[in-house]
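A short reminder: the numbers here are calculations on the coordinates, not readings from a lab. The structure presented is a predicted model; accordingly, all values stated were derived computationally and were not measured.
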Amino acid sequence: MSCLRIWEADCGLLDAVLALSFDAGELSNCCRSAGLDVPRCGVHDRAALVGTIHRACHAETPLALLIEHRLNLIHSQAIAMLERDGLADLRHTLLHSDLRRVDQLAGVLWALTTCADPEADELRTAARALITMTGLQLLAARRTEVA
């Protein structure tokens, strides 16, 4: 199964992959390593940092190449699993599990994000919806705890 390059990939899941794969310090270090001068970011700046990196990954930039290389390295096991087991197993994992309990979720999402199989499009759409719903459920639960 072939993989898309980061600038060819469906970017709808990229923010989730970045946020689940790296902390703010690692993202800042990647930016600096690729020649971008960014201030040290705290937790409150993380969304802006992820957005900056996301935009840089829409083209073949030094930062996109670095991020792609790092993601491929740290998620090589999930990529290999997708290549070995195919989309059916990945579909079952994502659609029939609580996302908070999916083993190597960032890797699973990265493998899906860069999967060149046209059948992956439908699963990417479903994964984005699941991430949104899971996040909203967690926010609603937290709001109930606070009240």
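Some notes on this structure:
- Of the residues Q104, Q137, Q77, the one that moves most in a GNM of the chain with alpha-carbon contacts below 10 Å is Q137.
- Pairs of Cα atoms farther than 19 Å apart, the chain, %: 53
- Here the relative contact order of the chain, from alpha carbon pairs under 8 Å that lie six or more residues apart, stands at 34 percent.
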